[in-house]
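Below is one structure, written out as structure tokens; comments come after it.
The values are calculated or read from the model by the stated rules, or taken from the named source; none is laboratory data. Here the structure is a predicted model, which is why all the values come from computation and not from measurement. Don't worry about glycine lacking a Cβ; one is built from the backbone with ideal geometry, like all the others, and counts go over all protein chains shown. Ligands, DNA and RNA are excluded from the accessible area calculation, which covers all protein heavy atoms including side chains. Shrake-Rupley method; radii C 1.70, N 1.55, O 1.52, S 1.80 Å.
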Amino acid sequence: GAFASEPVPLRAGESYEIEIEYRELSGKASCVVAWESPSTPREIIDPVVQHGLNAASFASFIWADLMKTARYGEKADTVDSHGWPTQDETELVMSEWGIGDTELGGTYSLYFEGKARVRESCCTGAVFEAGGRKYEKTLPAGVGYDPRTNRTSAKFETRGSRSMLFFERTNRGDGSAGVAGIQLMRPLRPGSAHSHGPTEVVYRPFKSLLQDSYTTVRWLESANGEGDAAWSTRTLPGDAFFSGGKEMENWEYLVMLSNETGNDLYITTPLTADDEYFRKLALLLRYGSDGREPYETPAADPIYPPLNPNLRVYIEVSNEIWNWAFPSTQLAQRLTRAEAANDSSIWAQINFDGAAGDPGSAGAMRRFHALRTVALSEAFRSVWGNEAMGKTVRVLMEYQYDNYQETAFESLTFIDEYFGNHAESEGKEPHPVGYYLWGAGGASYYGLNNRAGTQTHTVFRDSSFESPVIADDTRVLRPSGSPWTFRGTAG
């Protein structure tokens, strides 16, 4: 489609009304309104319908550094705590996710700390380049190495659908074996002779896709497994991989991606995350981090930045705690049983009314999940403040369509009863469900087998807005006779 732009002076803190008229004479009608500034990437202004992308499904195409989604073959276990090789002949496989010929080919920039001979063992026609010379299949040990920075730099061209690099005769610079800080900066596009720079975060074609088509980017790689319980064991920005193994995203990189693309951030926390994990995640999103710990207050020059203030964060605890095919649901069941077996304070809350039932039941498990969701909400409120809740921070607790398996009724009723009606008996201030949650419910998923996002459980009255009939060339504020309700100037 075509874009039209018009410069408009905007003043911080003021509201502006924008009215757009358009028509489509052929094909499907569509319109996207976006804005940008010298300090803000192009961002889609909120449409009537949010359009999100499950980014974990496209892990192979997200990061400018292919290393983040690669894997080791031989000597995969001989690595340090960050995943970097600690001995010779470690094999790095560049096609973990089955990347095809057209996607993998092109020129990469290779960087790593230390020096080594790098040998390509699979791709036909692989060529290294460093210091103005080309080397077929093998980069000799020490070539491209700068002793001042203890860093090796080279170009690497591949043409095949798979490439395997062996790091041999290694030296981290202190005499110990292995290398660290490997970067495989992708070609700018498939087959390109130019690669991304060493500080780029997002693969440019993927960045363009997000900016042109989506309002929100969702991450749930950590949500469907066990994930981390403690902040100290989380994935760090300096770790070798963000996929495979623990299958944990890195929060700093997710923030940088949203900042760069202008997409709201939708994250799902590990089910096992404790209260301190929730608090530090809230701090990281608000103030940024030094790469390990979040800042407690605004930092003048954060190493890793906070989420841009013009963006929102949608956040929920784990994902689909009703889907028995997911390890996370079975984990929730085990955790609930453990709380009951220990007769813990958590179980006392879950069973406050004596109606939780068997600790292994779905109802008891959903009460446990609701408790963790409230703990998440309270942690973010303590860091972001009351005003941000619902406006910038949007806590979610999803359930199945049409309250299937009682997923909505059991979870929401528990929050209402325990934190609303029962709170005063424990000397606590009562709050309604909406105090803790911004939203809940099902979502329309689009895919190859469901291109229109069709679902049958939820039916809206007058989904096409045909009633009441408004005469041409007129406008009616909050029209009567409609099944919809309107606030402000909507409608």
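Relative to the longest principal axis of the Cα atoms of the chain, the long axis of helix 251-261 lies at roughly 80 degrees.
Amide H to amide H, with H built 1.01 Å from N, Val202 comes under 5 Å of Ala64, counting only residues 5 or more places away or on other chains. How large, in percent, is the carbon and sulfur part of the accessible surface of the chain at a probe radius of 1.4 Å? The C+S portion of the solvent-accessible surface of the chain is 49 percent.
Annotation: per residue accessible area for the chain equals 52 Å², rounded to a whole number [probe 1.4 Å, protein chains only].
A cut-off of 5 Å between modelled amide H atoms, ignoring neighbours fewer than 5 places along the same chain, links Tyr108 with Phe156, Glu157, Thr158.
Please state the relative contact order of the chain as a whole percent: Cα pairs under 8 Å, 6+ residues apart? Write down the numbers at each step before the final one.
Values: 925 pairs, mean separation 54.4, N = 491.
Relative CO of the chain lands at 11 percent.
Rounded, prolate or oblate: which fits the chain when a ≥ b ≥ c are the square roots of the eigenvalues of the alpha-carbon gyration tensor, with rounded for a/c under 1.5 and prolate only if a/b beats b/c? Verdict is oblate for the chain.
Backbone amide hydrogens, once placed in the peptide plane, bring Ala180 within less than 5 Å of Glu113, excluding anything fewer than 5 places away on its chain.
Divide, for the range 92-239, the radius of gyration over alpha carbons by 2.2 N^0.38 Å, where N is the residue count. Walk me through the numbers on the way to the answer.
Details: Rg = 17.2 Å, N = 148, 2.2 N^0.38 = 14.7 Å.
This ratio for the range 92-239 stands at 1.17.
Angle check, please: helix 275-287 long axis (alpha carbons) against the longest principal axis of the chain (alpha carbons), in degrees 0 to 90, nearest 10. Rounded to the nearest ten degrees, it is 80. Against the chain, whose longest principal axis is taken from its Cα atoms, helix 362-384 shows a tilt of about 80°. Taking 0.36 nm per residue of separation and subtracting the current Cα-Cα distance, fully stretching the chain between Asp473 and Asp358 would add 35.2 nm.
List the longest stretch of the chain that has no exposed loop site; here a site is one of the GluC sites (Glu not before Pro) assigned by DSSP to anything other than H, G, I, E or B, with at most 11 other Cβ within 10 Å.
Working: sites that count: Glu14, Glu17, Glu19, Glu21, Glu24, Glu296, Glu466.
That gives 25-295 as the longest site-free run.
Past 26 Å, Cα to Cα, is the threshold; run Lys115/Lys155; Lys134/Lys207; Lys75/Lys134; Lys115/Lys207; Lys75/Lys155; Lys68/Lys137 against it and keep the listed order.
Working: Lys115/Lys155 15 Å; Lys134/Lys207 32 Å; Lys75/Lys134 28 Å; Lys115/Lys207 33 Å; Lys75/Lys155 24 Å; Lys68/Lys137 23 Å.
Where the Cα-Cα span goes over 26 Å, the pairs concerned are Lys134/Lys207; Lys75/Lys134; Lys115/Lys207.
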